[in-house]
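The values are calculated or read from the model by the stated rules, or taken from the named source; none is laboratory data. Bear in mind that the values here come from a model prediction, so they are computed numbers and not experimental data. Methodologically, a virtual Cβ is constructed for each residue, glycine included, from the backbone with ideal geometry; neighbour enumeration extends over all protein chains shown.
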Amino acid sequence: MKIAMIGTGYVGLVSGVCLSDFGHDVVCVDKDPRKVEMLLRGEVPIYEPGLDTLMAKNVSAGRLHFTGDLKAAVDGADAVFIAVGTPTRRGDGHADLSYVMAAAEEIAQALTGYAVIVTKSTVPVGTNAKVRAVIEGAAPGKEFDVASNPEFLREGAAIDDFMRPDRVVVGTTSERAKKVMGEVYRPLFLRDFPVLYTDLETAEMIKYAANAFLATKITFINEIARLCEKVGADVKQVSKGMGLDNRIGNKFLHAGPGYGGSCFPKDTTALARIGQEHAAPIQIIETVIKVNEEVKRRMVEKVMDLCGGSVNGKTVAVLGVTFKPNTDDMRDAPSLTIVPALVGGGAKVRVVDPQGRREGEHLLPGVEWLDDPYAAAKDADVVVLLTEWNEFRALDLSRMARAMKHPRMADLRNIYSPKDADLAGFEAYTAVGR
């Protein structure tokens, strides 16, 4: 099949590369000429493990192409995927659909025959109906169908998620569109991965409901962690005890500095606004958003407390600033709240992150970037473990403690234990919920 993928951001590029690996002829389109040139040179503009190798393989096989020419990409396509950004709109918390609607209008002008217009971007309920109206208005009489196909990709594990999904959701009421989408995902269907067909509105809601539920699990365990600190319980053991219940499961029950990234903050905010707009407020999600911000501020207080109530004049080594490991994504990362608060409090902050520097340098002004955690810890007053990269899971704590001016650690991901820190020579250690 011929597929056009509009947008080469995280979702668009990963989806386009993986669909080409299914054997489809995929053309990825982007308006940014610099990004297109980069892709044509074989360079990947985002960090995602394995993506560069898979991209090179399919470019070499002639199945994957990059262009800035949307019209040429759409010409003769069986399916056209819209995978552009839907950032939170300033002022009201709604998803900004301007890029989606602009793409729909351009696609309408470029259609040369029947195609399924597939919304891959995360969009509020009712958006696909608007996409249909835009295309009908811009190109009356042209043959097309609209489908919703939300993505469920975890950054750092996106290729595996696409190739071995828990489910594929397709929203459409057209039998013709179902047939096309069945062909798009035929390799997954043949391997018995579930494909769920729904109407458009249900598919749109599934995406928001799923992300909001996961964000709720994270926030719930962070609230439990705060209580554990007060009563002397260990949140890691509480999480394990909860997770062994099959009705609950152990995923997303790790206490830490709050959720971040490209999806959870944006999607919880959008879902809360959708509920308010339809006079059906989702009070749980509204509280989740509020509590998540409070969690980030509590992390700052932990570091301050380790330093006697103030970081003014102190040297702080921060290990990890991306919102999670195995990505370079800094969007809504807890570090964007925590690090500026430390800098604003008068601390000299050193940062180490395997992939965060490219985005982080302009987002975190006033910090020093280093490549070695031990160099960052030299003569420091406190080390803050903020992102659980593998590089930080097996540190030589004794070496680190010896290098520090005051060996103190704020382990905000619960990687180590108070006993580990004590044996290594740390004079003070704090974690989350322990």
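Within the range 71-112, the set of residues being at pLDDT below 95 and either of a type in the set (Lys, Arg) or touching an Asp or Glu at 6+ places or on another chain (Cβ under 9 Å) (or both) comprises GLY85, THR86, PRO87, THR88, ARG89, ARG90, HIS94, ALA95, THR112.
Taking residues in the range 290-312 that are free of Cβ contacts under 8 Å to residues at least 60 places away in the same chain and small (Gly, Ala, Ser), and partners anywhere that are surrounded by fewer than 13 Cβ atoms within 10 Å (Cβ to Cβ) and not in a helix (DSSP H, G or I), the pairs with Cβ atoms closer than 8 Å and at least 6 places apart or on different chains are SER310/GLY346. The residue of the range 218-258 that is surrounded by the fewest Cβ atoms within 10 Å (Cβ to Cβ), among those that are among the polar types (S, T, N, Q) and more than 25 Å from the chain's Cα centre (by Cα), is ASN246. ASP332 meets the conditions (1) part of a strand (DSSP E or B); (2) under 18 Å from the mean Cα position of the chain (by Cα) in every case but one. The failed one is (1). The set of residues from the range 17-61 being charged (D, E, K, R), under 22 Å from ALA77 (Cα atoms) and part of a loop (DSSP other than H, G, I, E, B) comprises ASP30, LYS31, ASP32. Of the candidates ASP161, ASP166, the single residue that is acidic (Asp, Glu), part of a loop (DSSP other than H, G, I, E, B) and either touching a Leu at 6+ places or on another chain (Cβ under 8 Å) or closer than 24 Å to VAL125 by Cβ (or both) is ASP166.
Quick check on my filter: what residues within the range 160-205 are of a type in the set (Phe, Trp, Tyr) and in contact (Cβ under 8 Å) with a residue 12 or more places away in the chain? Matches in the range 160-205: PHE162, TYR185, PHE193, TYR197.
The condition (being touching a residue at least 60 places away in the same chain (Cβ under 8 Å) and either of a type in the set (Phe, Trp, Tyr) or surrounded by fewer than 16 Cβ atoms within 10 Å (Cβ to Cβ) (or both)) is satisfied by just one residue among PHE66, PHE152, PHE144, PHE81: PHE81.
Looking at ALA212, ALA279, ALA177, ALA270, which is the one that is outside the structural domain of PRO150 (by TED's automatic domain parsing), modelled with pLDDT of 95 or more and at negative phi? It would help to see each step written out before you state the result.
Numbers: ALA279 fails: at negative phi; ALA177 fails: outside the structural domain of PRO150 (by TED's automatic domain parsing); ALA270 fails: modelled with pLDDT of 95 or more.
Result of the check over ALA212, ALA279, ALA177, ALA270: ALA212.
Only one of the listed residues (GLN283, GLN355) is surrounded by fewer than 23 Cβ atoms within 10 Å (Cβ to Cβ) and over 23 Å from the mean Cα position of the chain (by Cα). That residue is GLN283.
Condition check ((1) under 23 Å from PRO124 (Cα atoms); (2) outside any helix (DSSP H, G or I)) across all residues:
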site	(1), (2)
PRO257	no, yes
LYS266	yes, no
LEU271	yes, no
ALA280	yes, yes
VAL295	no, no
ARG298	no, no
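Residues in the range 290-322 that are hydroxyl-bearing (Ser, Thr, Tyr) and over 26 Å from the mean Cα position of the chain (by Cα) were compared, and the one that is surrounded by the most Cβ atoms within 10 Å (Cβ to Cβ) is THR315. With respect to the stated conditions, ALA424 is touching a Leu at 6+ places or on another chain (Cβ under 7 Å), without any contact (Cβ under 8 Å) to a residue 60 or more places away in the chain, surrounded by fewer than 21 Cβ atoms within 10 Å (Cβ to Cβ) and among the small types (Gly, Ala, Ser).
Residues that are under 19 Å from THR119 (Cβ atoms) and outside any helix (DSSP H, G or I) within the range 170-219 comprise VAL170, GLY171, THR172, THR173, SER174, TYR185, VAL195, LEU196, TYR197, THR198, ASP199, listed in sequence order.
Take ALA203 and tell me if it is hydrophobic (A, V, I, L, M, F, W, C), touching a strand residue (DSSP E or B) at 6+ places or on another chain (Cβ under 8 Å) and crowded, with 17+ Cβ neighbours inside 10 Å. Judged against the criteria, ALA203 is a match. Selection within the range 300-313: residues that are in contact with a helix residue (DSSP H, G or I) (Cβ under 9 Å, 6 or more places away or on another chain) and outside any loop (DSSP other than H, G, I, E, B). The member of this set that is nearest to TYR259 (Cα to Cα) is VAL300. Taking the range 93-123 as the range and being farther than 26 Å from PRO281 by Cβ and either among the β-branched types (Val, Ile, Thr) or touching a His at 6+ places or on another chain (Cβ under 8 Å) (or both) as the test, the residues that pass are ILE107, THR112, VAL116, ILE117, VAL118.
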